[in-house]
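The values are calculated or read from the model by the stated rules, or taken from the named source; none is laboratory data. It should be emphasised that the depicted structure is a prediction, and the values quoted were computed from it without experimental measurement. Neighbour counts are summed over all protein chains in view; Cβ atoms, including those assigned to glycine, are modelled from backbone coordinates with ideal geometry.
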């Protein structure tokens, strides 16, 4: 199982990653090596596949990979074209495909049957489904069926049809993104599918970050009884080499079968598979943030990041993630105090920076803030200070961070969390500016939980205890606290989970026992701030429904449920 980390569009680089893993598998005497979904192009390639030249180049890379194969069979994901034109769009008919390669050529090709078109997936936009006919591949004397990702999730889908036609083993290649609880969902589904069809399943997932998505790997094998017999680690590239016990055929082969390779190459003692442990809930979330941040920064050719360190919980967690993703020498902190910043918050920012080993500098926003006040005084004559002046401070900080980014080539990491983004508790063109939003899909209560996780796993205080215990505050006016503008996060977050992630209406949430006035107020805040969220940077998706690719509501929207 070749659990690799491709880069979308990097055809030459992906070719080398595939061939390097193939060489290791071949030298180890493997009969079969399996790569992830669309491993040639990286997943998801989105509208890159609408470029005919890109599709041609991807096919050329596949043929080059196939030319390097010998007795070891490789299953490789790529974009295939039929040569026909879709009359509805005028574009080439394209398929999400898997190629079976050996002895220098592509022996057979499978086209994905079930195209996901929900949540972050919209494959129907670019691909056509396979035609529903099935065939098997005889590899080392074993009848092997192929399927791609979504195909395996349906009871009477391709795995069922191929097992009924004589498959002893089904190979399922994947680009399955992470969200909390996803590993258990996959394991339960695969066990059920294997038992139903009396057919072992090899499930190979990719790993790595791609824009907002994080792929956690955790490739696995279940035997025909549904028992887990092998699993690769989460969040790491891996080439798992082992022998899998394939049951004696229980059904005659009735589907067409392609002879791909003859008897098994195995001459050494049986190599037992290993089962990598699954991380606990907090570690799993944290490592998803780390991997997503590392890959977004590095795959986009940045080396360093800069973070505004306020001495609050959000910027503290973002800094911890950044250090684990990139190394302390590549993370730069900036304290930007104003007239309302407490000395305690400044001290907390410096304590965090010292604990992490990152550099920190102080740039006061006071001169810029006062200049804005002076410039605007004639226009604001006769009007009392309000939210306008608070937002000016945040926008001063955003300008400073972007100036440092421009001068030194550092990517700005924003520090807003999902609770704040949901209700608009952030300043557009202020604290929302930047290249990547590390914790945009974490509710505030999860931010606190992961910050404690950082300290627990380190065995020392990295996030200062005062940061964990003081009331959250933007410090944009005297004695300000978040709970003066919002319900306590212990009240707010469960409502947001129901309204944003589960799509319940306000009325349905009230029926579940939540206070009606609070629910109506929160729902309205979520709705009217859609336009602000649309202008925020991408960030790591870790929930079943994140702002961005997942949740696509109209900005102009009169519905209030």
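Which of the residues that make up the range 406-452 are over 25 Å from the mean Cα position of the chain (by Cα) and over 20 Å from residue 313 (Cβ atoms)?
Answer for the range 406-452, where residues must be over 25 Å from the mean Cα position of the chain (by Cα) and over 20 Å from residue 313 (Cβ atoms): 406, 407, 408, 429.
Residue under question is residue 37, and the condition is that it be surrounded by fewer than 18 Cβ atoms within 10 Å (Cβ to Cβ) and within 26 Å of the chain's Cα centre (by Cα); does it hold?
no
Checking the condition surrounded by fewer than 23 Cβ atoms within 10 Å (Cβ to Cβ) and in contact (Cβ under 8 Å) with a residue 12 or more places away in the chain, which residue from 138, 156, 185 passes?
Just a single option satisfies the conditions, and that option is 138.
Output the residues belonging to the range 434-451 that are farther than 8 Å from residue 417 by Cα and free of Cβ contacts under 8 Å to residues at least 60 places away in the same chain.
Passing the criteria: only 445.
Would you pick out the residues in the range 369-400 that are part of a helix (DSSP H, G or I), surrounded by 11 or more Cβ atoms within 10 Å (Cβ to Cβ) and over 41 Å from the mean Cα position of the chain (by Cα)?
370, 371, 373, 376
What's the number of the only condition in (1) over 21 Å from residue 205 (Cβ atoms); (2) touching a helix residue (DSSP H, G or I) at 6+ places or on another chain (Cβ under 9 Å) that residue 151 fails to meet?
With (1) over 21 Å from residue 205 (Cβ atoms); (2) touching a helix residue (DSSP H, G or I) at 6+ places or on another chain (Cβ under 9 Å) applied to residue 151, the lone miss is (1).
Of the residues that sit in the range 1-32 and are in contact (Cβ under 8 Å) with a residue 60 or more places away in the chain and outside any loop (DSSP other than H, G, I, E, B), which one is farthest from residue 145 (Cα to Cα)?
Checking each candidate, the answer is 24.
Which of (1) part of a helix (DSSP H, G or I); (2) modelled with pLDDT under 85; (3) farther than 23 Å from residue 450 by Cα is the odd one out, the single condition residue 561 does not satisfy?
Going through (1) part of a helix (DSSP H, G or I); (2) modelled with pLDDT under 85; (3) farther than 23 Å from residue 450 by Cα one by one, residue 561 breaks only (1).
Of all the residues that make up the range 103-115, how many are touching a helix residue (DSSP H, G or I) at 6+ places or on another chain (Cβ under 8 Å) and surrounded by 18 or more Cβ atoms within 10 Å (Cβ to Cβ)?
Summing the residues that are touching a helix residue (DSSP H, G or I) at 6+ places or on another chain (Cβ under 8 Å) and surrounded by 18 or more Cβ atoms within 10 Å (Cβ to Cβ) in the range 103-115 gives 5.
What residue, among those in the range 190-214 that are touching a residue at least 40 places away in the same chain (Cβ under 8 Å) and assigned to a helix (DSSP H, G or I), is surrounded by the most Cβ atoms within 10 Å (Cβ to Cβ)?
193
Test residue 98 against the criterion of being within 28 Å of the chain's Cα centre (by Cα) and under 18 Å from residue 256 (Cα atoms), and give yes or no.
yes
Quick one: residue 280 ticks every box in (1) surrounded by 15 or more Cβ atoms within 10 Å (Cβ to Cβ); (2) within 18 Å of the chain's Cα centre (by Cα) bar one, so which box is it?
(1)
Considering 79, 85, 109, which residue is in contact with a strand residue (DSSP E or B) (Cβ under 7 Å, 6 or more places away or on another chain) and free of Cβ contacts under 8 Å to residues at least 12 places away in the same chain?
85
Could you identify the single residue in 492, 442 that is modelled with pLDDT of 95 or more, within 19 Å of residue 532 (Cβ to Cβ), surrounded by 14 or more Cβ atoms within 10 Å (Cβ to Cβ) and outside the structural domain of residue 301 (by TED's automatic domain parsing)?
From the options 492, 442, the qualifying one is 492.
Checking residue 82 against (1) under 19 Å from residue 175 (Cβ atoms); (2) at pLDDT below 95, only one condition comes out false. Which one?
Residue 82 satisfies every listed condition except (1).
How many residues does the range 469-480 hold that are more than 31 Å from the chain's Cα centre (by Cα), surrounded by 13 or more Cβ atoms within 10 Å (Cβ to Cβ) and closer than 16 Å to residue 393 by Cα?
4
How many residues, within the range 474-499, are out of contact with any helix residue (DSSP H, G or I) (no Cβ under 8 Å at 6 or more places or on another chain) and at positive phi?
The qualifying residues number 1.
Given the criteria assigned to a helix (DSSP H, G or I), in contact (Cβ under 8 Å) with a residue 60 or more places away in the chain and surrounded by fewer than 22 Cβ atoms within 10 Å (Cβ to Cβ), does residue 466 qualify?
Spelling it out, residue 466 is indeed assigned to a helix (DSSP H, G or I), in contact (Cβ under 8 Å) with a residue 60 or more places away in the chain and surrounded by fewer than 22 Cβ atoms within 10 Å (Cβ to Cβ).
Looking at (1) touching a strand residue (DSSP E or B) at 6+ places or on another chain (Cβ under 9 Å); (2) surrounded by 15 or more Cβ atoms within 10 Å (Cβ to Cβ), which one does residue 316 not meet, given that it meets all the others?
Condition not satisfied by residue 316: (1).
Within the range 221-245, which residues are in a strand (DSSP E or B) and either in contact (Cβ under 8 Å) with a residue 40 or more places away in the chain or surrounded by fewer than 17 Cβ atoms within 10 Å (Cβ to Cβ) (or both)?
Of everything in the range 221-245, those that are in a strand (DSSP E or B) and either in contact (Cβ under 8 Å) with a residue 40 or more places away in the chain or surrounded by fewer than 17 Cβ atoms within 10 Å (Cβ to Cβ) (or both) turn out to be 221, 228, 229, 230, 231, 234, 238, 239.
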